[in-house]
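Single-structure report; data block below.
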Amino acid sequence: MSVSIYMNLMNHRDEQEQIDEAHFFAQCISHHAQDSQGELSAALGLSQTQFRMLLNRYFAKVMDNKPLDRCIKVHLNRAVNETFLCQCHSGKNNTSSLIRVQEVLDMQTLLLDHCAHHGEQFHWMAVIIATACMGNNHLWQDLGLSNRDELNQVISHYFPILFNKNTANMKWKKFFYKQLCDMSAVSLCLAPTCDVCFDYEACFGSEEPVQWKLLSNQN
């Protein structure tokens with residue numbers, strides 16, 4: 001995550017919007033703001049229109065003086081005196097090949113069906129979380145959050161039913177997929193119960209960060 005981009009977003013946030021929502025979106029945006037390839041909106045799973053609406057709602061001041069033809073990642077980096085070479089159209093944005101589209105939609109539906117709030121911002125949040133579930137790291141890492149506890153706070157506040165269902169503290173990606181399997185009456189697990197499963201650690205093991213730069217530890 002680029003802490004300087006995160007701080008710039010939060011310093012210019014719309015104070016009429018909820019700070020915890022702005023905090024979540026700023027973390028997710030800054031996490032992908034220096035990706036070498038691919039559009040920022042696509043990395044979050046949002047359409048360009050949705051992403052512009054998000055920025056205009058929470059961080060409109062950051063968009064001041066942005067030329068229409070300037071890449072948003074270039075704009076965010078220049079705002080904090082960082083050099084960034086735009087390669088957004090290098091081919092990484094083919095979401096049909098890079099993202100398991102149906103899985104994202106199923107995950108998004110699961111989250112929205114259990115969301116305790118209504119509004120476009122919660123739809124954006126569900127899309128971003130569902131897209132991050134396709135990543136290779138722990139969910140909190142793929143979102144750009146500081147640790148699992150921070151992800152727990154997000155899920156407990158916005159998706160409390162799902163949070164309360166996860167009584168065994170299963171890793172969130174594993175838990176969400178288990179919910180989808182249960183809803184479809186399909187089981188991908190070979191063991192009869194989690195307690196006797198050889199892959200127990202994969203679902204319930206530690207999520208301590210390894211060489212992960214936490215936002216709270218950076219200046």
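Read-outs: derived from the displayed coordinates by stated rules, not from any lab. No experiment lies behind these values; they were computed from the predicted model shown. Note that each Cβ is placed from the backbone with ideal geometry, even for glycine, and that neighbours are counted across all protein chains shown.
ALA79 sits among other residues whose Cβ lies under 12 Å from its own Cβ, and their net charge, with Lys and Arg +1 and Asp and Glu -1, is +3. The Rg/Rh ratio of segment 1-137, with Rg taken over Cα atoms and Rh as the Kirkwood radius over Cα pairs, comes to 0.95.
Hey, what D do you get for segment 29-94 in µm²/s if you plug the Kirkwood alpha-carbon radius into Stokes-Einstein at 37 °C and 0.692 mPa s?
Details: Rh = 12.1 Å.
My calculation gives 271 µm²/s for D.
Say a paramagnetic label sat at a point 7 Å from the Cα of GLU15, along Cα to Cβ; which residues of segment 55-70 have their backbone N under 16 Å from it? Within reach of a label on GLU15: 58-62.
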